[in-house]
Amino acid sequence: MTPLSFHEFKGFRVSGYAVLAAALVVLGLAVLGLVSGARGEETPAPVFFVGLAGMFVFSLTCAGFYTCQPGEARVLVLFGSYTGSVREPGFWWSNPFAVKKTISLRSRNFASERLKVNDAAGNPVEIAAVIVWSVTDSARALFQVEQFERFVSVQAETAVRALASHFPYDSHEDDKPSLRGSPDEVAAGLHHELQERLDQAGVTIHEARISHLAYAPEIAQAMLRRQQAQAVIAARTQIVEGAVSMVEMALRRLQEHDVVTLDEERKAAMVSNLLVVLVSETEAQPVVNAGTLYA
């Protein structure tokens, strides 16, 4: 990483209205001196040259006026040296020889393109992110990096690629984070990755979220079938667990209330019948055994 050699500090500025009032007074005196010198009154040459000097001072003073809008900063550069930044909105005056560069401090959105990368499991996925950022150090944004907006876009795409390689698209373990199943953790990781990369540019990341996530087209159908199979297995597992608990409860209630006494063979038959009824995907058709005419 590039060392942070620039830091923003407050630049010199005074109220533009006060300086404008003084400049108008100088202008009036300069015009009076020029008129008096042109008419040939007493000591015309000194008065005339004083008037010229006043006009020069007024012209030079006007070069120092500028306005600072809300949500922007003016970076002052005097003969190649950074002399400070002005953030306060208003009408100001600073050194007329200083170059006053404008930089926006407002929040901005950056939407990355859909990137094709490999996740932690090696599966090709398509991923994109939306990032909200703003400049918080105008000196670093202008002097630390070349074209900070371009720098943000390149580093954002690099961070998204790096993030995708740290997480699998989907995880089959509840305690393992994934791109699809852990949006908050993934967003926090992306935010940290971006802030670490963009700190040298004087940029602060306010929010970073994954805006698009999908398997690459060449494996999308296969992964869809895999997800469907996993969903079926999970559903059948839950159904079987529920059926076993219901059978267990039925046998326990029959035994507690002494409704009927069942031997092991009849218990096994009852368990089998109940499981068939509860687990079957189609509606069961019961057959009632009413006994025989001649017992």
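Key figures for this structure:
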quantity: Residue tally, condition within 21 Å of SER81 (Cα to Cα) and of a type in the set (D, E, K, R), over segment 101-151; calculated: 4
quantity: Among residues of segment 88-112, those that are within 17 Å of ALA23 (Cβ to Cβ) and among the polar types (S, T, N, Q), counted; calculated: 2
quantity: Residue check, THR102 modelled with pLDDT of 90 or more, β-branched (Val, Ile, Thr) and out of contact with any Ser or Thr (no Cβ under 9 Å at 6 or more places or on another chain); calculated: yes
quantity: Boolean, ALA231 is at pLDDT 80 or above, part of a helix (DSSP H, G or I) and not hydroxyl-bearing (Ser, Thr, Tyr); calculated: no
quantity: Subset of segment 131-156 (residues that are under 10 Å from VAL203 (Cβ atoms) and among the hydroxyl-bearing types (Ser, Thr, Tyr)); calculated: SER134, THR136
quantity: Test: residue in segment 139-154 that is touching a strand residue (DSSP E or B) at 6+ places or on another chain (Cβ under 7 Å), of a type outside the set (Lys, Arg), assigned to a strand (DSSP E or B) and surrounded by 15 or more Cβ atoms within 10 Å (Cβ to Cβ); calculated: no
quantity: One residue from SER134, SER112, SER85, SER81 being of a type in the set (S, T, N, Q), under 30 Å from LEU194 (Cα atoms) and in contact with a His (Cβ under 7 Å, 6 or more places away or on another chain); calculated: SER134
quantity: Test for VAL14: is it surrounded by fewer than 16 Cβ atoms within 10 Å (Cβ to Cβ), modelled with pLDDT of 90 or more and either outside the structural domain of VAL152 (by TED's automatic domain parsing) or touching a strand residue (DSSP E or B) at 6+ places or on another chain (Cβ under 6 Å) (or both); calculated: yes
quantity: Residue count for segment 59-75, restricted to those that are in a loop (DSSP other than H, G, I, E, B), touching a Leu at 6+ places or on another chain (Cβ under 8 Å) and within 13 Å of VAL14 (Cβ to Cβ); calculated: 0
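The values are calculated or read from the model by the stated rules, or taken from the named source; none is laboratory data. In this text, all values refer to a predicted model and were calculated from it rather than measured experimentally. Virtual Cβ from ideal backbone geometry, glycine too; neighbours counted across all protein chains shown.
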